[in-house]
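Data first, discussion second: the structure below is written as structure tokens.
The values are calculated or read from the model by the stated rules, or taken from the named source; none is laboratory data. Since this is a predicted model, take the numbers as computed values, not measurements. Glycine gets a Cβ as well: all are built from the backbone with ideal geometry, and neighbour counts include every protein chain shown. Areas reflect the complete protein model, heavy atoms only, side chains present, ligands, DNA and RNA absent. Shrake-Rupley method; radii C 1.70, N 1.55, O 1.52, S 1.80 Å.
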Amino acid sequence: METVEREERDGIITLRDVNKSYKMGENVLHVLKDISLTVKKGEYLAVLGPSGSGKSTLMNIIGCMDVMDSGAYCLDGVEIEKAKEKELTGIRNQKIGFIFQKYHLIPTYNVLQNIVMPLLMRGMTLKEAREASMDTITMLGLAERMEHKPNELSGGQQQRVAIARALVGQPAILLADEPTGALDQESGKEVLKLFQRLNDMGNTIVMITHDLGVARHAGRVVRIVDGELYENESLPDAAG
Ligand SMILES: Nc1ncnc2c1ncn2[C@@H]1O[C@H](COP(=O)(O)OP(=O)(O)OP(=O)(O)O)[C@@H](O)[C@H]1O
Ligand SMILES: [Mg+2]
């Protein structure tokens, strides 16, 4: 009991015995099975698993985009299973920086408008949001691109915009689902280098991937297989 309490205090993410199933007509598909996981502040964690293993389902739970059937989830001191839908909107905006495989930028907005979105949602004016975002925009090499629309950028550049958008609100965690999945190898490497740099700066990162070569960039790797989570297992060589 004491160990659990200590973990709850240390962890920025603490999942305890989380279950999630989908009802498909008569059948129930048990997707997440008693998942327990603690992620500490400043950690860089990869969740590695094959297609259909439950990675995106887990991301949706961690991202407060879906509700679990049972279990407990504490995110940066907030007991998520007790929060109401209205509070969850604020929690998603304040505590989580989302990065998706296909960027999910707003196509009619330019780079600047996309990046400042989370800050406008918090009630900042465009001027305030722009000022608060400038350091991030410069760090990601996007200062020259602020007026461009997403379709005028390469995939790698679009993902950098998405990463900037995830960062500007200084969230408790960065949550990325296959962030290199849509990119060519070179751009994928750039994104992984950037994640390393962001982690070195103190950002907590949870990255979901089916690719061992990608997962190895993280400081810690857990595996998800058929909805069960495995920790502390040695990873085979990237070649093997
Ligand atoms: N909304 C849903 N309704 C019913 N079944 C679902 C739903 N979402 C996911 N599933 C099922 O749950 C299982 C896990 O899906 P999930 O999307 O979490 O896998 P994944 O590990 O992210 O796979 P991939 O690598 O292909 O993205 C799959 O069998 C999937 O068909
Ligand atoms: Mg998925």
If only one of Lys23, Lys55 is farther than 28 Å from Arg197 by Cα and either touching a Gly at 6+ places or on another chain (Cβ under 8 Å) or free of Cβ contacts under 8 Å to residues at least 40 places away in the same chain (or both), which one is it? Lys23
Within segment 5-20, residues in contact with a Gly (Cβ under 9 Å, 6 or more places away or on another chain) and open to solvent by less than 30 Å² (accessible area, probe 1.4 Å) come out as Ile12, Leu15, Val18, Asn19, Lys20
Report yes if Tyr109 is open to solvent by 60 Å² or more (accessible area, probe 1.4 Å), aromatic (Phe, Trp, Tyr) and at pLDDT 95 or above, otherwise no. yes
Within segment 170-192, track down each residue that is of a type in the set (A, V, I, L, M, F, W, C) and in contact with a Leu (Cβ under 8 Å, 6 or more places away or on another chain). Ala172, Ile173, Leu174, Val191
Could you check Leu29 against (1) surrounded by fewer than 19 Cβ atoms within 10 Å (Cβ to Cβ); (2) closer than 29 Å to Gln159 by Cα; (3) among the hydrophobic types (A, V, I, L, M, F, W, C) and say which number it fails? (2)
Please state which of the following conditions Asn93 fails to meet, knowing it meets all the rest: (1) within 20 Å of Ile137 (Cα to Cα); (2) part of a loop (DSSP other than H, G, I, E, B); (3) in contact (Cβ under 8 Å) with a residue 60 or more places away in the chain. (2)
Which residue pairs have Cβ atoms closer than 9 Å, lie 6 or more positions apart in sequence or on different chains, and pair a first residue in segment 120-149 that is surrounded by 13 or more Cβ atoms within 10 Å (Cβ to Cβ) with a second residue that is aromatic (Phe, Trp, Tyr) and in a loop (DSSP other than H, G, I, E, B)? Lys149/Tyr109
Take Ile61 and tell me if it is within 16 Å of ligand 1 (Cβ to nearest atom) and at pLDDT 95 or above. yes
Does Leu153 meet the test of being under 18 Å from the mean Cα position of the chain (by Cα) and away from ligand 2 (no atom under 16 Å from the Cβ)? no
Of all strands (runs of 3 or more DSSP E) completely enclosed by segment 154-240, which ones contain at least 1 residues that are within 16 Å of ligand 1 (Cβ to nearest atom), of a type in the set (Asp, Glu) and at pLDDT 95 or above? 173-177, 228-230
Does Asn114 fit the bill of being open to solvent by 20 Å² or more (accessible area, probe 1.4 Å) and in a helix (DSSP H, G or I)? no
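Among the listed residues Lys95, Lys41, Lys55, Lys84, which satisfies the condition of being within 15 Å of ligand 1 (Cβ to nearest atom) and basic (Lys, Arg)?
Values: Lys95 fails: within 15 Å of ligand 1 (Cβ to nearest atom); Lys41 fails: within 15 Å of ligand 1 (Cβ to nearest atom); Lys84 fails: within 15 Å of ligand 1 (Cβ to nearest atom).
Answer to the check: Lys55.
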